[in-house]
Every structure is written in C-alpha cells, then in structure tokens.
Amino acid sequence: MTTSQTQTHNRTARIDPSAAPPPLWDRRFTLYFTARTVSLFGDAMMPVATALAVGALYGVSGVGLVLGTWTGTFVLLVLFGGVLADRFGARRMMVGADLVRVLTQGVLAAAFFAGPPPFWLLVTMAALAGAAVAMFLPGVNGMVPLVAREPQRANATLKVADALAHLLGPALAGTLIALTSAGTVYAIDAGTFLLSALCLALIRLAPAGVPTDTPVGADSSARTGSSLRRDLRQGWQEFRARTWMWAVILIWVVYGVLVFGPLVPLSSTLVGARLGPNAYGLAVSFLGVGTVVGGLLALRLRPARPLAAGAAAMALYTVLPLCVALDAGLPVLLAGHVLGGGAMAFWSVMWATSVQTHTPPAVLNRVTAYEQAGSVSGIALGQILAGPATALASPGRLLLVSAGVCLAGCVALFATREIRTLRRAAPADGGRPGAPGTPDGEPPGTG
C-alpha cells in the first residue's frame, strides 16, 4: 500500500495509523451484532421446540416434514434472495425478512396457546418462514465486510454469539415447554425477530463512493437494468469459477443428506426416549458450549490454509453422531456434542471468511446464495427422508452411517488440492475484504 493510500485509508477509517488491529465494536457492528445475536437466540430454541412439540403430536415423520418444508422452501428461493440483496441492499431485505418471521412465529405462538395446531398450519408457517430466511441469509455474508474491517474477527465473534445462543436457547426451550407450552417459545422467537429488524433498520452504511444504506454492488443491477436471468447467470459463473467453493458444496450436499439432515429427528428420538426430553435439550446446549470454544479458537488462530485447518477440525464432528448411535451415557454424550460444536464452529468461521475475502463484493450476495442453496438442499432431503429411513434401519444404525460419511467427507476435503491449498487472503484496499487479488497473486475465481 502506498503512502497516499495509507493516508486515505486512515482518514476513512478515522483511526490512528498505529492502531492494530482496527476497532471492531463501532456503532455499525454493534447494531449488527445485536440484531444477529437476538435472532440467533430465538432460532436456537426452535429445533428443540419443533422436535418436542411437533414430535409429541405428529411423530418423527411430522418433525422431518416440518423441518424439510422449511429447508426446502429456503433452497428453492435463496438464489432469488441473493439477486434481490445485490439489487436492493442486503440490509433492506434482511429487515423485511425479519418482519415476515415476526408474523409466522406469532401465528404459531397463538396456535399453540389455543390448543394443538393442525399440521397444515405448521407446514404453511414453515414454508413462509423458509421463504423469509431465503431473503435474509444471502445478505448475512455480504453485510459482514460492510460493518467490520477484519472479517475473520467479526465472523468469529458472531460465531461465539451463535454458540452462546445454542448454549442457552435449547435448555430454555425445553424448560419453557415443560413449564408452560410451545407457544411461549414461539412468542419469544417472534420478539427476537422484531428486535433484530429494529437494529438492522438503524444501521447506516456509507462505503466510499456508494450512497448511505446501499452496500457495495447492492443496487448495481437495478441501475444498469440487468435482467434477473443475467444476474443469476453472473452469480453462477462466479461460483463455478472457484473450484474450492463448488467442491466443498458437493461434499456438503452429501453431508446434508446423510449427516446434518437426519441428525435432529433421529437423535431427538433416541436421546429423548432413553434419557428424557430434558437430556436432549441439555445435549443441544452443550453443542453450544463447543461452539463457544470453536469460535474463541477461530478468534486467536489465523491458519495460512484456512479450509485445510477447518477440514482437520471437522474430523472431530464424527464423534457427535457416533456417541448418539452407541447409546453413550450422558457425560459422554455431552462431551461428544462439545467436540461436534467446536469442530463445526471453527470450520464455519474459516469457510465464511474464505468466501467473503475471495469473492468480489458486487457479487458476494449471489455467490453466497449459490453456496447456501447447494449446502442446504441436502439437509432438506435428509430431514424429509429421516422418518421413512427408520423403516429400513434403526435410528442407531442410521447414525452410524452418518458418522462414517462424516469421516469420509473430511478425507475428500483433504484430497481436493484446491481446498487443501487455498491460502488466507490478506486484507486489501485499506482493509476492505473482497478486493481484487489474493496473496498468491491470482485473481479471485481462478480456483
């Protein structure tokens, strides 16, 4: 960086040139962090609430269909969410999505308070909520570079908040369902989305050369009159150009079908029947403990090859389905969830930071939508098939398959050269991630 560029960066950042690292907790990141934290806390209660409340009424197949409807709707619409986020701004789409989820969760809260809700209502609200999330999540990746100068620190901090939410949320959900009803959990979730929408609405984004409230590249399509098809094609081209990215997503599709998708329906059935519903809520909370540990490690460690380090961590995730399948005692079960949560948290930070720092900001939301659609599509299929699969094999045997697939996936991650050798991108353009160029001199998208 030249002297003039350094001076410009310092004036823009409004920090002392000797300050290292740049401050994280300014007004924008604080508001964004608050918005994500409160909604993550509400969301952390939902798997337990769905598994226990819906499972008590409609069984494992009911839980799988509700979760699968939510996930399937998300997969169908997330690509359009990425285009709209690039056109109109991620923040605006996220606020609108939060308000829709206030409605869906509020309706479900009222339904549970009134009595057992009909299955069609559960499925309908799951579909609407999944559509809202499809409009929300593509902007999450795109917002981080706009509210934080160091994306890995920001991602790790958000992951710790996610971990704390998963530590407290499931246990609270189990307690509230035992003491009151599922309606209380859904009402709290609606409130978290309302607070999230308020915090996001208060964020003001003003990158250099771009009007306030409009992320970099967010409205370029609208200004140039680009068609929806062209926007989708451009996002696909950027996604396809990165071998490391689509290779990971292919592996994650398999993970979704055989590991992540069946995990909640199958483990909630096994653990709940053997140790009781409170034990399952406690196990999910300990998953949050592990996520805290993984997020804190990601705050401190900066591996030169982040995806290789993340793949090594993911090998520990194998312990989670394995200990459930083997009917481990409560202490071993909780330890397995800690290891699984830590592994997934560390991988998630390495992955999110790699996507954000190796993708041009103007197409980041669309590329994020493609990688999310691919990775989540497998989860939807796995959730839907979890119930029917129990007619072919016991839940314990199915989770043994999950453990084997998880370990095989880690081997595949290491075996793929582009994943194994991807290097950490150094901050460029005054600390803004996503600037052209990578540390090894190759432009983004060369794979």
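Laid out as a table, the results:
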quantity: First in the stretch 133-148 and of a type outside the set (A, V, I, L, M, F, W, C), second anywhere and at pLDDT 85 or above and not in a helix (DSSP H, G or I), Cβ under 9 Å, 6 or more apart; calculated: ASN141/THR359
quantity: Filtered residues of the stretch 290-308 (kept if buried (at least 24 other Cβ atoms within 10 Å of the Cβ) and β-branched (Val, Ile, Thr)); calculated: THR291
quantity: Subset of the stretch 44-57 (residues that are touching a residue at least 24 places away in the same chain (Cβ under 8 Å) and surrounded by fewer than 19 Cβ atoms within 10 Å (Cβ to Cβ)); calculated: LEU57
quantity: Members of the stretch 264-283 found to be buried (at least 23 other Cβ atoms within 10 Å of the Cβ) and not aliphatic (A, V, I, L, M), listed by number; calculated: PRO265, SER267, SER268, TYR280, GLY281
quantity: Number of the condition not met by PHE286 [criteria: (1) within 27 Å of ALA412 (Cα to Cα); (2) crowded, with 22+ Cβ neighbours inside 10 Å; (3) among the hydrophobic types (A, V, I, L, M, F, W, C)]; calculated: (1)
quantity: Residue ID - farthest from LEU399 (Cα to Cα), chosen from residues in the stretch 216-236 that are surrounded by fewer than 22 Cβ atoms within 10 Å (Cβ to Cβ) and either modelled with pLDDT of 90 or more or among the hydrophobic types (A, V, I, L, M, F, W, C) (or both); calculated: ALA222
quantity: Residue among THR438, THR421, THR416 that alone is surrounded by 15 or more Cβ atoms within 10 Å (Cβ to Cβ), at pLDDT 90 or above, hydroxyl-bearing (Ser, Thr, Tyr) and under 30 Å from THR357 (Cβ atoms); calculated: THR416
quantity: From ALA408, ALA386, ALA393, ALA403, residue being on the phi < 0 side of the Ramachandran plot, surrounded by 22 or more Cβ atoms within 10 Å (Cβ to Cβ) and at pLDDT 80 or above; calculated: ALA386
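The values are calculated or read from the model by the stated rules, or taken from the named source; none is laboratory data. Small disclaimer: the values here were computed from a predicted structure and weren't measured. Neighbour counts run over all protein chains shown; Cβ positions are idealised from the backbone, glycine included.
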